[in-house]
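Heads up: the structure comes next, in structure tokens.
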Amino acid sequence: MSILSLPQGLTRRPVAPAVAPAVAVRRGPRTGRRLGPGRPLRGGPLIGLGALLVVWSVGSAVGFIDQRTLSAPWTVVTTAGDLIADGRLQANLAVSAGRALSGLALGIVVGTVLAVVSGLSRWGEALVDGPVQLKRAIPSLALLPLLILWLGIGETMKVVTILLGVLVPVYIHTHNGLRTIDARYVELAETVGLSRWHFLTKVVLPGALPGFLLGLRFAVTSCWLALVVVEQINGTAGIGYMMELARTYGQTDIIVVGLVLYGILGYGSDLLVRLVQRRALSWRRTLAG
């Protein structure tokens, strides 16, 4: 009998292929704990502001904070009411808002144009990026003596100072947004034969939008910071002028009213930009929710 033959009555059964033993995957205990900060608290930013107001009020009430150094919150509210009643607050606020909006608008336009030129062209980057980075290293307020010599002490100098403070953050973050656009989108645009204009409007600008909005948040803050300083230089109107006049006469309550107003304007502007950012970038999934 052949070695490979079988006895009569026996049949060859198919041999099942060897199967690798299943490896048990060890899973950690499901504790229900979620990583990350989770959804933002409703009214979360107001918690810190409320705590600050409570500390200020209690410190003033118990005498821990000297009224000559920092007026009490109720004194500031009363003073603000008096300033509103005689129209001084509204008039100075209108002048300050006009300066801030003019410098902000011009700074956004100039910063965005320079970022697009530098971000899409090697020659543009060679010509533009160096001077802007040099300006970034020099505070706008350090340029005030030179700006006063060039432009005088009128409104033009004030608006240009605000413009310079706004230009840099808009340029930096927009330029970074342009340079971090996924190269696959550029290749796709070349494949489908997009024109320069359609490439700019359909790929470049939407891709740079997150960086632009981030730069805008820094820009609105820089706008109000620059305004605080320039309004105290030979001003005849504005919140800063009102505060400088109050300093001359030792009116701490009016100075605090101006500071609170600057804070409200700056913080409100930042909240507005964050709202636009959340709506415009709702397609992104981030830890912010």
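The values are calculated or read from the model by the stated rules, or taken from the named source; none is laboratory data. Not measured: the values here are computed from a predicted model. Positions of Cβ are backbone-derived with ideal geometry, glycine not excepted, and every protein chain shown enters the neighbour counts.
Among the numbered criteria (1) farther than 17 Å from GLY258 by Cβ; (2) over 21 Å from the mean Cα position of the chain (by Cα), which one does ALA91 miss?
It fails just one condition, (1).
Among the residues in the stretch 237-250, are any assigned to a helix (DSSP H, G or I), closer than 14 Å to ASN92 by Cα, over 18 Å from the mean Cα position of the chain (by Cα) and among the β-branched types (Val, Ile, Thr)?
yes
Would you be able to tell me the number of residues in the stretch 190-211 that are small (Gly, Ala, Ser) and more than 24 Å from the chain's Cα centre (by Cα)?
Matching residues across the stretch 190-211 total 2.
Counting only residues that are within 15 Å of ILE255 (Cβ to Cβ) and of a type in the set (A, V, I, L, M, F, W, C), which one in the stretch 73-99 is surrounded by the fewest Cβ atoms within 10 Å (Cβ to Cβ)?
VAL77
Against the condition surrounded by 19 or more Cβ atoms within 10 Å (Cβ to Cβ), in a helix (DSSP H, G or I) and either charged (D, E, K, R) or modelled with pLDDT under 85 (or both), how does VAL229 come out, does it pass?
no
Right, LEU70: surrounded by 14 or more Cβ atoms within 10 Å (Cβ to Cβ) and over 20 Å from ALA226 (Cβ atoms) or not?
Values: surrounded by 14 or more Cβ atoms within 10 Å (Cβ to Cβ): yes; over 20 Å from ALA226 (Cβ atoms): yes.
So LEU70 passes the test.
Condition (residue is more than 12 Å from LEU93 (Cα to Cα), of a type in the set (S, T, N, Q) and exposed (fewer than 13 other Cβ atoms within 10 Å of the Cβ)) applied to the stretch 253-276: is it met by at least one residue?
no
Where in the stretch 114-221 are there helices (runs of 4 or more DSSP H), lying fully within it, with 2 or more residues that are surrounded by 15 or more Cβ atoms within 10 Å (Cβ to Cβ) and of a type in the set (Ser, Thr, Tyr)?
On the way: elements: 122-137, 144-151, 155-179, 183-192, 196-199.
Output list reads 155-179.
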